[in-house]
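Have a look at the structure below before the remarks.
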Amino acid sequence: MISLARLSHLGSSVWIAVFCLGSTLLAESPVAGPYAAASQTRPALQLAERSEPLLKGAAPQLGPAQPNEHPMMPALRWAYAGLGNIEKIEDYSSTLVKHERMYDGKMKDYEYCFIKVRHRPFSVYMRFLAPADVKGREVIYIEGRNNGNMWAHGSGVQKKLFGTVSLKPNGPVAMKDQRYPITELGILNLTRRLVEVAEKDRHYGECEVRFYKNAKVNNRVCTIIEAKHPVPRGNFIFHVARIYVDDELNLPIRYEAYNWPKEPGGPPELTEEYTYQNLKLNNGFTDADFDTNNPNYRFR
């Protein structure tokens, strides 16, 4: 079980935001300002893989709560339904764009990673695409294999000196310059944490939640769920959080989380931002896609 302090994993902090509801508002009009075209100003590094059938689904149904029920319940019902749909997905590939603040307060540059994820058994292949100092790194993790460790190699001199190594996913070497271990990556893990934390956090108030229609992330039409905790409390791990749900796929493809301003009246401080670009579902991945001997990879 992951502790609450770790539950803002790669995707979960905004899911958590959805379910700390105090009040719920719905904006039907297109979103203006910084939400209207998220990620449009950053380069999209694309890597073509296999074609796939899209998971057809309706736009998120996030209407008002029923009489006498907690206002978070529409979003929680949607999350439970979404969990069932995501569990039906066999695998997916994506270009994951990460922008993270390390625990020492330093904000890293944007990182671009091509990923393959398989749900049964949970398996991840990751190749870093940018920036230059991490380009070429590769990681493979398969749940229940390699004594729970992941295989990894660096780039440049690191690769020449050390080759492929076996590392604990949450060990100091694997976690260097990373907020979360590879075992917490992915949309399904994200949604499971969503439901788990939602059932606890729905007992708290002091949270303003709004839904925005017709936002876009890399030309994908999305519904935004935005949560804001006006006052810092011990049970809150963020000030503002936003999740972007792809209307066609009914899947989360981006989230952002912000801390409270350092000074009264100041801007919120970004802590983490993740975007799943070029999401391709049900590729038919096999064991070869998560094998260090795959000739398309560079594990040696």
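The values are calculated or read from the model by the stated rules, or taken from the named source; none is laboratory data. Quick caveat, the model's predicted, so the values are computed rather than measured. In this analysis, Cβ positions are derived from the backbone assuming ideal geometry, glycine residues included, and neighbour counts consider all displayed protein chains.
I'd like the full set of residues that are closer than 16 Å to I89 by Cα and in a strand (DSSP E or B), limited to the stretch 247-277. So that I can check it myself, show each step before the final result.
Taking the stretch 247-277 first, the residues closer than 16 Å to I89 by Cα are 248-253, 276.
Matches in the stretch 247-277: L251, P252, I253, Y276.
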Of residues in the stretch 219-263 being under 19 Å from G105 (Cα atoms) and free of Cβ contacts under 8 Å to residues at least 24 places away in the same chain, the one surrounded by the most Cβ atoms within 10 Å (Cβ to Cβ): Y258
Selection count, the stretch 144-172, where residues are within 13 Å of D291 (Cα to Cα) and either touching a His at 6+ places or on another chain (Cβ under 6 Å) or without any contact (Cβ under 8 Å) to a residue 60 or more places away in the chain (or both): 5
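Out of A198, A227, I need the residue that is within 22 Å of E69 (Cα to Cα), outside any strand (DSSP E or B) and modelled with pLDDT under 85. Which one?
Numbers: A227 fails: outside any strand (DSSP E or B).
So the residue among A198, A227 that is within 22 Å of E69 (Cα to Cα), outside any strand (DSSP E or B) and modelled with pLDDT under 85 is A198.
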When residues of the stretch 109-126 are limited to those that are surrounded by fewer than 18 Cβ atoms within 10 Å (Cβ to Cβ) and closer than 14 Å to L96 by Cα, the one nearest to the chain's Cα centre (by Cα): Y110
For Q66: the one exception among (1) within 29 Å of E206 (Cβ to Cβ); (2) modelled with pLDDT of 95 or more: (2)
Residues located in the stretch 135-147, provided they are touching a strand residue (DSSP E or B) at 6+ places or on another chain (Cβ under 9 Å) and surrounded by fewer than 19 Cβ atoms within 10 Å (Cβ to Cβ): K135, G136, E143, R145, N146, N147
